[in-house]
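Quick notes on the structure that follows.
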Amino acid sequence: MTSPDDSLETVRAVTSETYKYGFVTDIESDSAPPGLDEDTVRFISAKKGEPQWLLDWRLQAFRHWQKMEGPQWAKLRIAPIDYQAASYYSAPKNDSGPKSLDEVDPELLKTYEKLGIPLSERAALAGVAVDAVFDSVSVATTFKAKLGELGIIFCSFGEAVREHPDLVRKYLGSVVPQGDNFFAALNSAVFSDGSFVYVPPGLRCPMELSTYFRINAAKSGQFERTLIICDKGSYVSYLEGCTAPMRDENQLHAAVVELIALEDAEIKYSTVQNWYPGDAEGRGGIYNFVTKRGACRGDRAKISWTQVETGSAITWKYPSCILEGDNSVGEFYSVAITNNLQQADTGTKMIHLGRNTSSTIISKGISAGRGQNTYRGLVRVQPKAQNARNYTQCDSLLIGDRCGAHTVPYIEVRNPSARVEHEATTSKISDDQMFYCQQRGLSKEDALSLIVNGFCREVLKELPMEFAVEAQKLLAVSLEGSVG
Amino acid sequence: MLEIKNLHAKIADGREILKGIDLSVKAGEVHAIMGPNGSGKSTLAGILAGRPGYEVTEGSVTYDGRDLLPLAADERAREGVFLAFQYPVEIPGVNNMYFLRDALNAVRRHRGQPDLDAGQFLKAVRAKLKELEISDDLLQRGVNVGFSGGEKKRNEIFQMAMLEPKLALLDETDSGLDIDALRLVSNGINKLRSPQRAMVLITHYQRLLDYVEPDRIHVLSQGKIVMSGDKSLAAELEKHGYAMLGDAA
């Protein structure tokens with residue numbers, strides 16, 4: 001795999017060219033009027049030139065959605081969202097967003113500097129309307145050629161619909177059905193684009209696949225749809241997101257990710273979510289309502305979710321595993337940070353269906369400022385899941401005395417041979433720990449970063465190396481100003 | 001090196017703990033501060049190291065020619081003030097070696113020295129372990145996590161050796177040690193005595209002073225130094241106990 005520096009060079013090179021592939025340039029002048037009805041769905045599908053079956057699928061989802069209500073059970077305070085006020089198909093407009101970096105929240109710019117984001121990318125991440133947008137689609141095409149030689153498909157969702165309709169049709173909605181939940185139904189009706197991956201039998205994908213190289217414009221992320229299929233005996237590691245805080249004027253995000261691992265296949269899915277969390281007073285900030293689910297369809301399949309959630313004003317997210325195959329394995333490693341007025345309700349579901357299935361859940365929640373952090377997790381062992389095993393560990397760390405941490409485990413066991421363990425701790429960063437580090441010469445910020453990174457170590461070590469280093473820096477930046 | 005004049009301090013609930021301390025420690029000297037429980041020994045160490053929770057109401061502390069009190073705890077540490085904790089703090093998930101390397105590099109940067117890379121650091125660690133005759137079994141564990149009392153104190157002495165402070169404050173470093181651990185720790189302290197370094201040993205018991213011979217001994221009682229003398233004072237105290245302070249206290 002090329003080094004990150006090489007990739008950035010390539011990115012710089014391509015951004016000076018105008019974009020010449022696909023539909024992106026076509027849509028620039030178009031947008032749907034605000035509001036959501038069947039015509040909106042038809043409009044989106046037509047704009048994307050989709051086949052009839054997919055339009056029907058979207059409409060079916062829309063009809064489900066109309067009968068549904070947003071979930072009320074999460075420990076989140078959300079102002080009512082007017083779904084009719086938004087536009088569900090809008091091309092990037094050059095006159096929306098800030099005109100230049102001078103108009104961007106200076107705190108955001110400071111953060112970019114601390115994370116070492118190259119100058120050339122800062123404007124694009126901050127949502128400034130620039131001509132040469134950080135356009136990584138072209139980079140992806142160079143990777144794609146290499147992967148294509150091996151038979152691995154890695155492309156945008158729209159392209160997959162055109163080029164590989166059979167695969168899409170077979171698996172789309174097979175893990176997260178259209179009517180699964182309110183936000184998944186909304187996504188299914190109006191999804192914009194996303195990623196598609198297929199790894200053929202017996203193949204180990206030789207590089208980490210990353211959406212970082214795929215999202216074409218900052219505003220395409222609102223209703224993303226990702227579908228990853230690992231055929232028998234194959235392996236892929238997929239990275240989503242990037243460590244830079246991404247600004248987006250779409251406040252509501254509702255993505256759906258579906259993973260399918262067949263016999264002996266393994267999917268490792270890592271996320272760093274750092275959407276704009278809003279300012280210190282809680283103004284602005286993304287509402288992130290994501291449905292992520294993987295199915296271990298075959299025996300001995302394995303799906304592993306690792307997430308570092310530091311951004312968004314509201315995070316509602318439960319990456320889950322359905323362990324259908326015998327001896328299949330599900331893992332969930334999570335770090336979630338809430339600072340200022342951020343709220344997170346996140347966790348996982350491990351559904352044991354096959355025999356000898358096992359799952360591991362390690363969740364680290366960190367609350368600072370007035371942040372509220374909830375772990376919500378379900379472990380369900382069905383009657384046929386003989387000898388199922390689960391180990392759950394939920395640790396919460398509090399910084400300051402105005403934040404909150406909550407742990408809500410649901411355990412449903414319907415087979416007497418199951419072994420399910422749950423451990424939970426809540427601790428506070430003590431003045432003694434801070435003083436000890438400072439007495440050895442570390443600044444307050446370094447001391448906090450060290451203690452928090454120590455707390456998250458079990459999760460961070462699951463991240464791919466490059467990502468892990470960035471994530472450590474990110475934790476420190478996310479907690480800035482949280483100790484007096 | 002250290003000049004304390006008429007130091008008064010109180011804690012959060014308003015109680016005055018130190019009631020006028022005068023103390024002068026020169027580079028190369030080792031002073032012991034003894035006294036009964038609650039006499040203010042640990043408060044004094046805490047104030048010198050910059051521990052939060054105390055308020056100095058009167059008096060001054062001069063360290064290496066400058067006013068120590070306005071400096072934050074981490075600035076003091078980088079300037080060469082080291083406190084060996086009575087109760088070293090656990091930091092789960094943080095490797096002892098990484099912790100020490102971060103700390104050492106923070107201090108080195110302050111001194112205008114370049115950071116040590118992993119190889120150089122390891123070399124320095126090995127040399128120091130050998131010098132102090134202590135084993136390397138603690139290095140790969142979490143900072144103080146699951147350490148026995150003796151291991152924690154040994155780790156403090158090792159950190160002190162690596163950070164090479166100008167002023168070392170040792171708060172009850174002998175408490176809770178069995179005789180072998182006491183000997184090991186004392187040996188470390190003796191090896192770190194140097195003409196450039198001032199040391200203040202805070203102890204409740206006289207037994208540490210059997211191994212580490214101080215230049216001066218001070219007895220603290222009810223927030224004041226009530227007696228000062230040479231090492232013979234320790235033997236005196238041992239014989240009569242703190243009760244001998246009687247009127248003086």
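The values are calculated or read from the model by the stated rules, or taken from the named source; none is laboratory data. Keep in mind that this is a model prediction, so the values were computed, not measured. Glycine also receives a Cβ, built like all others from the backbone with ideal geometry; neighbour counts cover every protein chain displayed.
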Notebook entry, point to check: When you scan region A:285-299, how many residues do you find that are part of a loop (DSSP other than H, G, I, E, B) and of a type outside the set (Lys, Arg)?
Noted result: 4
Next item on the list: Taking the options B:ASP136, B:ASP174, B:ASP180, name whichever one is in a loop (DSSP other than H, G, I, E, B), without any contact (Cβ under 8 Å) to a residue 40 or more places away in the chain and exposed (fewer than 14 other Cβ atoms within 10 Å of the Cβ).
Entry: B:ASP136
Note to self: If I filter region B:88-110 for residues that are facing chain A (nearest Cβ under 9 Å) and within 30 Å of B:LYS19 (Cα to Cα), do I get at least one hit?
What the structure shows: yes
Note to self: For region A:1-67, give me every one of the helices (runs of 4 or more DSSP H) that falls completely inside it and has 2 or more residues that are buried (at least 16 other Cβ atoms within 10 Å of the Cβ) and modelled with pLDDT of 85 or more.
What the structure shows: A:38-47, A:52-66
Note to self: Looking at region B:89-117 only, could you name the residues that are within 16 Å of B:ALA161 (Cα to Cα) and in contact (Cβ under 8 Å) with a residue 40 or more places away in the chain?
What the structure shows: B:ASN96, B:MET97, B:PHE99, B:LEU100, B:ALA103, B:LEU104, B:VAL107
Item checked: Sole residue being more than 9 Å from every other protein chain (Cβ to nearest Cβ) and not in a helix (DSSP H, G or I), chosen from B:SER60, B:SER42 -> B:SER60
Checklist line | Residues of region B:1-17 that turn out to be under 19 Å from B:ARG76 (Cα atoms) and among the polar types (S, T, N, Q), as a count | finding: 0
Check: Do we find that A:GLU445 is surrounded by fewer than 21 Cβ atoms within 10 Å (Cβ to Cβ) and either farther than 27 Å from B:ILE47 by Cβ or at pLDDT 90 or above (or both) in this structure?
Finding: no
Note to self: Within region B:123-138, does at least one residue satisfy the condition of being at pLDDT 90 or above, touching a helix residue (DSSP H, G or I) at 6+ places or on another chain (Cβ under 9 Å) and of a type in the set (Ser, Thr, Tyr)?
What the structure shows: no
Next item on the list: Identify all residues within region B:4-31 that are without any contact (Cβ under 8 Å) to a residue 40 or more places away in the chain and in a loop (DSSP other than H, G, I, E, B); write none if there are none.
Entry: B:ASP13, B:GLY14, B:ARG15
Margin query: Given the options B:ALA106, B:ALA127, name the one that is over 24 Å from A:SER449 (Cα atoms) and among the small types (Gly, Ala, Ser).
Written below: B:ALA127
Next item on the list: Only one of these is surrounded by 24 or more Cβ atoms within 10 Å (Cβ to Cβ) and farther than 22 Å from A:ALA74 by Cα: A:ILE337, A:ILE267. Name it.
Entry: A:ILE267
Next item on the list: Out of B:LEU69, B:LEU83, report the one residue that is within 20 Å of the chain's Cα centre (by Cα), more than 10 Å from chain A (Cβ to nearest Cβ) and either part of a loop (DSSP other than H, G, I, E, B) or within 23 Å of B:ALA124 (Cα to Cα) (or both).
Entry: B:LEU69
